[in-house]
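The values are calculated or read from the model by the stated rules, or taken from the named source; none is laboratory data. Bear in mind that the values here come from a model prediction, so they are computed numbers and not experimental data. Heads up, the Cβs are rebuilt from the backbone with ideal geometry, glycines too, and the neighbour counts pull from every protein chain shown. Only protein heavy atoms, including side chains, enter the accessible area calculation; ligands, DNA and RNA are left aside. Shrake-Rupley method; radii C 1.70, N 1.55, O 1.52, S 1.80 Å.
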Amino acid sequence: MSSMAEKKDVDKDKPITRVLFCGPHFPASQIYTREYLEKYPFIQVDDVPLKQVPDHIGNYDLCVSKNMLFDSNVLSRAKQMKLIMQFGVGLEGIDIDAATKHGIKVARIPGDATGNAASCAEMAIYLTLGLLRKQNEMQISVKQKMLGEPIGETLLGKTVFIMGFGNIGIDLAKRLKPFDVKIIATKRSWPSNSEVLIPKAFPTQNGVLDDLVDEKGSHGDIYEFASKADIVVCCLSMNKETVGILNKPFISSMKKGALLVNIARGGLLDYEAVVQHLESGHLGGLGIDVAWKEPFDPNDPVLKFKNVILTPHVAGVTEHSYRSMAKVVGDVALQLHAGKPLKGIELVN
């Protein structure tokens, strides 16, 4: 067991609020939360291996799920659990209906308030630039002592399709504008007032920007928009409707040689379709921070392609976003302990 129940310095007669982090991945989440709460001995922060979570979850008041799957069986063991939350936004691993049935609240941390969305948007640009400038081939040239190769591409003048225009999509559009690109985007429903609050560095009228997106569409327009784009960036949340949405029909509808970037969830990608279109040359490049199977298999055949860039699910893992989210978790633990209303999170049930 990783850091389970090792705090012996806390008076057992005093009430303790116990916080459980699931599994070893994304370790900074529990490390930073522990640091934030170190002045509060009545809050105990533990992390346990994923396989041991069902055996110990009954001892905890608050759980940070990370990549743990919470089905009805696991939730039924959470006898004193008040809240399960994500260290971020993705809740696809939690059976929310079952949690509700067992009287457990479920929540995410809004990405716009913590810098998580901005961090993910920056990663999308990093992957895009890496593909355009042929990052893997550049490393080969360095090793072969070759100068002036490979010939890369610029973002300048490209059409970028942002698929899913939530907090990440908005932050991505803000950062892409200075590259002089055309931005097209789809969203299930657009607000009647599409103006978006933006930093002072952008030209505005009354503190808002009217032309962040050059062309707006709905979910039904994704194939048409894919056919227009040089770069597709997937920022969708994953649910029953979107799982596997980056499939053969979608990738086939993309321009030949267009790039596909996914910083959302690996389950949005159809693995066989991706490999097929990389082999045929139809897909010009793949940049992913999330994969169909995590942790990623370092021997996966997809890595044989020079035009594939993979990062280990670190889009939102920055000092700024993780410190901010650790503070949210810590504050929620303190609120639970004091019996106060929960703030800084988005409850979904």
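Against the definition (open to solvent by 50 Å² or more (accessible area, probe 1.4 Å), over 15 Å from the mean Cα position of the chain (by Cα) and modelled with pLDDT of 95 or more), how does Thr154 come out, yes or no? Answer is yes for this residue. If you filter the range 157-183 down to residues that are basic (Lys, Arg) and part of a helix (DSSP H, G or I), you find that the one that is surrounded by the fewest Cβ atoms within 10 Å (Cβ to Cβ) is Arg175.
Of the numbered criteria (1) under 21 Å from Cys120 (Cβ atoms); (2) outside any helix (DSSP H, G or I); (3) free of Cβ contacts under 8 Å to residues at least 60 places away in the same chain, the one Phe26 fails is (3). Filtered by the rule that a residue be of a type in the set (Val, Ile, Thr) and over 14 Å from the mean Cα position of the chain (by Cα), the range 273-298 gives Val274, Val275. Candidates are the residues of the range 251-272 that are part of a strand (DSSP E or B) and over 19 Å from the mean Cα position of the chain (by Cα); the one that is farthest from Asn116 (Cα to Cα) is Ala258. Here is the figure for the range 297-334: residues that are outside any loop (DSSP other than H, G, I, E, B) and in contact (Cβ under 8 Å) with a residue 40 or more places away in the chain total 16. Filtered by the rule that a residue be more than 21 Å from the chain's Cα centre (by Cα), within 20 Å of Glu319 (Cα to Cα) and open to solvent by less than 30 Å² (accessible area, probe 1.4 Å), the range 12-44 gives a lone residue, Leu37.
Pairs linking a residue in the range 53-81 that is open to solvent by 20 Å² or more (accessible area, probe 1.4 Å) to a residue that is of a type in the set (Lys, Arg), with Cβ atoms under 7 Å and 6 or more positions apart or on different chains, are Pro54/Arg77; Gly58/Arg77; Gly58/Lys79; Asn59/Arg18.
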